[in-house]
Every structure is written in C-alpha cells, then in structure tokens.
Amino acid sequence: MADEPLYPIAVLIEELKNDDILLRLNSIRRLSTIARALGEERTRRELIPFLGENNDDGDEVLLAMAEELGVFVPYVGGVEHASVLLPPLENLCTVEETCVRDKAVESLCRVGSQMRESDLVEYFIPLVKRLAAGEWFTARVSACGLFHIVYTSAPETSKTELRSIYSQLCQDDMPMVRRSAASNLGKFAATVEYAHLKADIMSIFDDLTQDDQDSVRLLAVEGCAALGKLLEPQDCVAHILPVIVNFSQDKSWRVRYNVANQLYELCEAVGPEPTRTELVPAYVRLLRDNEAEVRIAAAGKVTKFSRILNPDLAIHHILPCVKELSSDSSQHVRSALASVIMGMATVLGKEATIEQLLPIFLSLLKDEFPDVRLNIISKLDQVNQVIGIDLLSQSLLPAIVELAEDRHWRVRLAIIEYIPLLASQLGVGFFDDKLGALCMQWLQDKVHSIREAAANNVKRLAEEFGPEWAMQHIIPQVLEMINSTHYLYRMTILRAISLLAPVMGSEVTCSTLLPVVVAASKDRVPNIKFNVATVLESIFPIVDQSVVEKTIRPCLVELSEDADADVRFFSSQALQAIDHVMMSS
C-alpha cells in the first residue's frame, strides 16, 4: 500500500517513453490527475523536473504540456511555489514549432500574473533576460511576449534594462524577432510610464515603422492603434498621425490593408481637426486603392468611419467613393460595401439617403453576385428607420419582389426571413396586394430549406396580422395545396398546419385544420402518413379531450397498424405521448 503513490508517476514515465504518440499525449493530458495523486511536494520535486527534461518530444505532446503547465499553479502548492513551473516552460519557449512556443508564452503569462512581486523579480525577470539573449531566434521571439508581465514589478534599474533589451529586440537581425517585438509592443507600452512611453517606446516604434520587411511594418500598424489610445491627443498627432498617413501609401498592399482596418480607431485618438485634414484624404486613397483586398477592407469600414465624421464631410468625401465602389470590378468589394452601406442612412439623414444612397441600394439589389444582394436585403430595416416605409416600398419593393424569385435559393431564403418584418412595416393592406401571393408560392419551391422557411413564414404572418386575417387570407390557400400531386409539397403543408394550429386556436384547429390532417392519413405515401402522426402529436394539446378520443386517437390507432415500420413507430410514439398526458392530468 505504501508504494501505491509511486504507481501514477511510473505509468506517466512509461507512457511518455512509449512509441505510440497517443499514449504519450494521453499521459500529458492526465498530468493534473497524476499531480493530485503525487501530492504538491513530490510534484515539485519529481514531476516538474522530469517534464523539464522531456522537451524533445513530438509537437502535439509539447503543445499539450505547455497548455497543462499554465494551469498547474494549484498542483505545485500555490503561488508561493509557482516559480518551479518556469524552467519547463522556458524550455518550451525555445522549441522550433511556433504553436508550442505561443502556448508556452501564454502559459508563462498566466503563471506570471499569479506570482508574487518578489518572485517575479527573483525568477521571472532573469528568465526574460535569458530568453532575450538566446542564441537561437526562437527564444528571442518568445521573450517579446513576456515583458508586459514583469515590467510593472521590476525595480527602477531593471526597468531601464528591460526597455533597452526590448529596443535591441526591435533591431534584431532576424525578421521573425522584429515581428514578435512589433506585435507585442502595444501590450508592453501599456505598462510603461508616460515619460518613457514618449521617449523610449516611440523611438522603438519609429524604427519598426521604417523596417525594410513589410511583415514587420504591417504589425507596426496595429501598434499605431494601441499607442494612439495611450498617448495624449497632441502627442498622438505629432507621433502617430504622420506614420499612419505614410502607411496608407506604403508600397506593400498588406500594410495598406491593415491601415484600412485600423484607421477609424485612430480618428478618436487624434481628434476631429486632424481627422478632417489628414485621415479623411488617407481613407479616400484606400477606398480607391489599386488592390482589391485593400478596397474590401476599406469598404467594410465605410459606415464606422462615416459615423466619426459630420454628415457634410461624409457626403462630400466618402459618398463619391461609395458610388465608385458600388460598381467595382471585384464582386467581393461590392459585397463588403453592401454589408455595411445601409448603416450610412442613419449617418447621412433622410434627404441625403433619398438623393444619394437609394440609387446605390437599387444598383446593389440588382447585382449579379448573390452575396451582394443578400447583404443589402438583410439590412433593409436600417434604411426604413430613416426614410420611412412609404418611400422604401415605392423605391425598393419592386426589386425585392424580383429577388423573391431569384435563381439562387439563399437569396430567396433571405427574402422570406425578411418578410414578417416587412409585413409589420408595410401594413396588412399593402402586404395583401404585393406580397401575399409570393408567400404561397414559396410553399411549393423546389428547395426544402425554402419550403421549411415558407411554413415558418405563414405562421409568423398569422401572429403578426391575427387569426381572423389568417383565416381569410392564409388558411384556405394553404389547405388547398394539400391536394398537390407532389408528396414533398403535401408534407410542407402538414408542417405549416402544425405551426399554424397554436396560433389559430382550438376552434379553427378542430373545424378546419384537423379534418385535413385526418384525411391525409389515408395518403398512399408512407412519408405523409408518419408526418400526419407527428402533426397529430403536436396539435392534440390544443384541442379538447373529446376531440382527441373521437378523432385523433382512432386515426393514430389505424396508423399504428400500417404496413410501413416508420408509420407504425411515429404513430405509436404519438399514442404514448397522448396516454402520458392523459395519465398525468
């Protein structure tokens, strides 16, 4: 019995040396269980050192180990012993596989954020220095992600040294190290005192923005947004604004792409006047960029950028570009524009929307690329809030009706899902004239998803306009389709009946809907018959018990003796449901 605690560590060591990678992975993922069995002291003394020596395994095993060690503080005795986890994670920070290093850095940050300040100074700062001075570039790459954890706890002399080391990493010979330094600069800068931020960090940032590698410069763009939020507006204008303006004209399209994604965030940092004089012209350049990818990124931010500006600026500078983009040669640019352009209506106001935006909406609604049309349809309510339903129905409704018969089923589906909202806005009279027939037509569409959505649509319309309207305008046309020659259409009608019954209430269900369902139980197609069983199961709670006993139960009993196994199964299931409810009541 005394040897029992030895067993888990023996199993772990044995499996970690096994040729089968799955066994090795399994043992690593059970580290917490093994640590609990060993106890805190033996985990620190035996298990952690063993893991520290085991850093030449497969990448999957090392990745799992890096992840496990990040949550291991409670198993080694809490924060006072957290430092024992640093050596194995330090080793993992030097391996060649990027995802292992990233996970090790993430785990070190998690462990470091729990450590006591004295332990950070004694153990974590030397670790960062060792990695930063590593002979192999992988260690230096990992070091860049750790400075923000230790900086605030470091004594003043160490802070100066850490800033100096980070500056050296930003000038490293290896582009991979400079990339890592550029991507982590924002996190490090957030911990640095303002005086040093203006002096040291901005000097580092200037070097990165002039790097000869575009992969470094595009990461420096992200630093612009992070640093812009840390600096005072006047310092932001002096240091960040010129960089962003230069980046918007960078020779690498990837850098310009990143600028297009980040630009609107900087507007708030620099204030309204620099935005008007410097950032608006830069954004206009990006909207007219030679590369489609840059135009896609810029087009996707057009509403966010316009919200920051006053309406006049948006109308005079942004709208002309939007008009050009609406007929761009790239369908992806037009799609990105269509996904956000409706939001501009609230920025520009009613008059400018009617004069300037509506023609663009119409041209995008008629675009040959289905995703463009879909993106416009899904945001119509934003325009309705600005220009009102009368004008919307006059200008856009003909295009919507045309799209309701679009050859791409996803476009038809988007229209169907928008119909209840449109119906509530148009009102019952307008709906009956223009859209009522379409809703019935979709119940017999060739695509199942459209028929399913159409069945849900009639239910939502009945809820919107009320049972009396539905009894007059929906129920007769829906029930007429139960005689369709195609069994799939008959199944759709059964689905519609099951959805309509709760809305219509007990009386209409008993007098009008139930007889149609019972009649369908005599259908020659088994699929129809077992759908009848499921419909009867769904509507029996709505009707009186006498109706259940006189009509529903006999129908289900008959179906339970059908030749088809599926029909028997579903009808028996429905009978059991009825019996269960009857017994409980």
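The values are calculated or read from the model by the stated rules, or taken from the named source; none is laboratory data. Quick caveat: nothing in here was measured; it's all calculated off a predicted structure. Glycine gets a Cβ as well: all are built from the backbone with ideal geometry, and neighbour counts include every protein chain shown. The accessibility values were calculated without ligands, DNA or RNA, using every heavy atom of the protein model including side chains. Shrake-Rupley method; radii C 1.70, N 1.55, O 1.52, S 1.80 Å.
Structure data summary
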read-out	value
Of all residues in the stretch 241-267 being in a helix (DSSP H, G or I) and either farther than 19 Å from ALA297 by Cβ or among the hydroxyl-bearing types (Ser, Thr, Tyr) (or both), the one that is farthest from the chain's Cα centre (by Cα)	PRO242
Among (1) open to solvent by 50 Å² or more (accessible area, probe 1.4 Å); (2) at pLDDT 85 or above; (3) under 22 Å from ILE376 (Cα atoms); (4) assigned to a helix (DSSP H, G or I), the one test that VAL322 misses	(1)
Test set (1) touching a residue at least 40 places away in the same chain (Cβ under 8 Å); (2) under 19 Å from GLY134 (Cβ atoms); (3) more than 29 Å from the chain's Cα centre (by Cα); (4) surrounded by fewer than 23 Cβ atoms within 10 Å (Cβ to Cβ) - SER83 fails condition number	(2)
Output for the stretch 246-282, where each listed residue is of a type in the set (A, V, I, L, M) and either closer than 18 Å to CYS321 by Cβ or surrounded by fewer than 16 Cβ atoms within 10 Å (Cβ to Cβ) (or both)	VAL259, ALA260, LEU263, LEU279, VAL280, ALA282
Residue within the stretch 322-337 that is touching a residue at least 12 places away in the same chain (Cβ under 8 Å) and either among the aromatic types (Phe, Trp, Tyr) or closer than 18 Å to LEU397 by Cα (or both) present	no
Which listed residue is modelled with pLDDT of 85 or more and farther than 30 Å from ARG410 by Cα, from SER498, SER521, SER538, SER449	SER521
Among the residues listed as LEU120, LEU146, LEU162, the single one being under 31 Å from the mean Cα position of the chain (by Cα) and not charged (D, E, K, R)	LEU146
Spans of helices (runs of 4 or more DSSP H) in the stretch 457-568 with at least 2 residues touching a residue at least 40 places away in the same chain (Cβ under 8 Å), among the aliphatic types (A, V, I, L, M) and open to solvent by 60 Å² or more (accessible area, probe 1.4 Å)	none
Those residues of the stretch 139-160 which are of a type in the set (A, V, I, L, M, F, W, C) and part of a helix (DSSP H, G or I), in sequence order	ALA139, VAL141, ALA143, PHE147, ILE149, VAL150
Odd one out for ALA195, checked against (1) more than 28 Å from GLY78 (Cβ to Cβ); (2) in contact with a helix residue (DSSP H, G or I) (Cβ under 8 Å, 6 or more places away or on another chain); (3) assigned to a helix (DSSP H, G or I)	(2)
Selection from the stretch 361-380 of residues that are modelled with pLDDT of 80 or more and open to solvent by less than 10 Å² (accessible area, probe 1.4 Å)	PHE361, LEU364, VAL372
